[in-house]
């Protein structure tokens, strides 16, 4: 097994709201190997973004707090770092791009200003050099005429172009890890493919490790080496992409696959996961998926299933669906 | 449309606006019973009616109001505001003698309000629900709840009567009144002391409002994605708040400050009456009481121009703050 760039151990992140404690992450174990792309999938509200924000220690506080666990980045526990040491890591070693490029760039500053900011901060370049670097980065992400466009404001770019600018910004300090939180969800389908291709090419070129968060299984299939499936604040299944797509063990993962339309099959009806995402203030007892699971029994209601490793494949379920072929 | 054409258009638009304002004011003035001559002769009811009519015809007061308006407008076209019925001096001269007094405390109050409200609002927003936040917001709630004249009286009570630090009214102490007083340092220091209470009173009222506005605007902006982007870059919280958040949070504050300028200038009669401040507001009240028509219209036109110019400046500052704004 290759070296792990990032290792998350027993991470719990809670939100203390007026209605009660939202247990957004209830003990997550996850690792990302050097140079790979890890895809993190799950429904809205399952804790994908909170996981990413926890890694950068940017969970809004209040109301959010990381309660326990360790986040080891190159062996260093990020949760034990001082705030100023953590700032050295943000944008420099780990950077992040967000779901909505329309609102992720500050509307009142030029692209030049926003790109230079991070370059000057972490690379110690002066204004002129940083500007040159900014132009290079825009060129790298395929923005035509970067010398002129660098002076433009975000509203003068299209959605896809803005996401390219975000990617240029995120990669400008040559980070070891890029966290991409639903990077294509708000883009046109044609642009989605372009942006994904670009992320894929750049990561190969620059050797960047990528944590890709999405609820789109198609995107995961195209991009990831490993896949983590999250449900209601737990990691329920983890494995290499091939296994997760062709021989998943967790009923939730299987249900997710059945809910995706396929060109190769003439299905009249797509699979539906009954019920709704659980309220994380009062999560279901035992296995958090049991109220929606077709295979649940008494033990699922009572006890949280122990996660089990079979080789490189992790699954957290009392009734693993051995022999599933998709 | 470019910035230059936009400003030009706005400046040209001031002319029809002033015509509209003056027309309405003229109409309203003549709805008030009696004119300047009637009031002057109120204590001599046995004056010869023929003589009264003669005096009125000299001033044109025997004409219907729209004819009078027409004459006034003709004069106004040459930038002549006419002369006061009471003092006989030119209205522009009378206004010129007072406009500085009004602008001085008005502008200082805006500066004071912004200088206090922005830091207070930011601290309140960044430390939401903290003790500081609660303290600032309670003070702000009290500030917005009191009417100006009450705040003014309380300030006089505290600073003039109890503490005795500041004079309670007027613009100059008696020793500095008179023609031959040299305008030296002590003269201006005395003026500043008199300026303090009107400034503070007006400033406090808008500070309270602005602090609440800055706080809520800041809280909105701090939830934006680009704030998270800025933090994810590894920027210091100070840079995130003062560079990335503040400029965006200022947009609604600028809008409201623009409207406040109109409100506080319009409120000048109240503020100046409370502090016996020799500015346009107090003179305006006096002119209305004595039916000094041209002074009333003159002050209205001057205040109107000031407000319109302030609005143009506000619009220009939008463009400067937010590149998305197109004229």
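Values quoted throughout were computed directly from the atomic coordinates according to the rules given, and no laboratory measurement underlies them. For clarity, every value in this text was computed on a predicted model and none was experimentally measured. Methodologically, a virtual Cβ is constructed for each residue, glycine included, from the backbone with ideal geometry; neighbour enumeration extends over all protein chains shown.
Take the alpha-carbon centre of segment B:103-164, take the same for segment B:179-193, and report the distance between them in whole Å.
Cα centroid of segment B:103-164 versus Cα centroid of segment B:179-193: 29 Å apart.
Spin-label point model (7 Å from Cα, Cβ direction): what's the residue B:9 to residue B:79 distance in nm?
According to this spin-label approximation, the distance is 2.6 nm.
I'd like the FRET efficiency for residue A:189 and residue B:325, computed as 1/(1 + (r/R0)^6) with the beta carbon distance as r and R0 of 41 Å, rounded to 0.05.
According to the calculation, E is roughly 0.80.
Can you divide the C-alpha Rg of segment A:101-174 by 2.2 N^0.38 Å and report the result to two decimal places?
The reported ratio for this selection is 0.96.
Taking neighbour counts of Cβ atoms within 10 Å as a proxy for exposure, in what order, fewest first, do B:253, A:195 appear?
B:253, A:195
Using only alpha carbon pairs under 8 Å that are at least six residues apart, calculate the relative contact order of segment A:101-174 and give it in whole percent.
46
For all pairs of alpha-carbon atoms in segment B:91-321, what percent lies in each bin of width 5 Å, listed from the first bin to the last filled one?
Per 5 Å bin, starting at zero, the Cα-Cα P(r) for segment B:91-321 comes out as 1, 6, 12, 15, 16, 15, 12, 9, 6, 4, 2, 1, 0, 0 percent.
How would you classify segment A:229-326 from its alpha-carbon gyration tensor, with a ≥ b ≥ c the square roots of the eigenvalues: rounded for a/c under 1.5, else prolate if a/b is greater than b/c, otherwise oblate?
It is oblate, given that a/c is not under 1.5 and a/b is not larger than b/c.
Working from Cα positions, state the angle (0 to 90°, nearest 10) between the long axis of helix B:3-29 and the longest principal axis of chain B.
40
Would you mind calculating the relative contact order of segment B:43-133 from Cα pairs under 8 angstrom and at least 6 residues apart, reporting the percent as a whole number?
9
Taking the Cβ-Cβ separation of residue B:131 and residue A:84 as r and a Förster radius of 25 Å, what is the calculated FRET efficiency to the nearest 0.05?
Computed FRET efficiency for residue B:131 and residue A:84 comes out at 0.45.
Tell me the angle of helix A:111-123 to the major Cα principal axis of chain A, expressed in degrees between 0 and 90 and rounded to the nearest ten.
The angle comes out near 80 degrees.
At 222 nm, what helix-only mean residue ellipticity would chain A give, in deg cm²/dmol to the nearest 500, using -39500 (n - 2.57) for each DSSP H run of four or more?
For chain A, the value works out to -9000 deg cm²/dmol.
What relative contact order, as a whole-number percentage, does segment B:91-321 give when Cα pairs under 8 Å and 6 or more residues apart are counted?
29
Just need log10 I(q)/I(0) for the protein assembly as shown at q = 0.10 Å⁻¹, Debye formula, equal scatterers on the alpha-carbon atoms, no solvent, rounded to two decimals.
Relative scattering, expressed as log10 I(q)/I(0), comes to -0.98.
Give the order of B:65, A:309, B:277 when sorted by the count of other beta carbons within 10 angstrom, beginning with the fewest.
Result, fewest neighbours first: A:309, B:65, B:277.
Can you tell which of B:178, B:152, B:121 shows the greatest fluctuation in a Gaussian network model of chain B with Cα springs below 10 Å?
Evaluated over chain B, the most mobile residue of the options is B:178.
With bins 5 Å wide starting at 0, give me the P(r) of segment B:10-137 over every alpha carbon pair, in whole percents.
2, 8, 11, 13, 13, 11, 8, 7, 6, 6, 6, 5, 3, 2, 1, 0
Take the alpha-carbon centre of segment A:47-66, take the same for segment A:217-252, and report the distance between them in whole Å.
22
What average number of partner chain Cβ atoms lie no more than 10 Å from the Cβ of the residues making up A:102-114?
Average per residue, whole number: 5.
To the nearest 10 degrees, how steeply does helix A:189-206 sit against the main Cα axis of chain A, on a 0 to 90 scale?
With both axes taken from Cα atoms, the answer is about 80 degrees.
Neighbour counts of other C-beta atoms within 10 Å: give me B:238, A:131 arranged from fewest to most.
B:238, A:131
Report the residue, chosen from B:229, B:255, B:199, that carries the largest GNM mean-square fluctuation when chain B is represented by alpha-carbon nodes joined by springs under 10 Å.
Most flexible of the set in this elastic network: B:229.
Please compute the volume of the convex hull spanned by the alpha-carbon atoms of segment B:157-197 and report it per residue in Å³.
62
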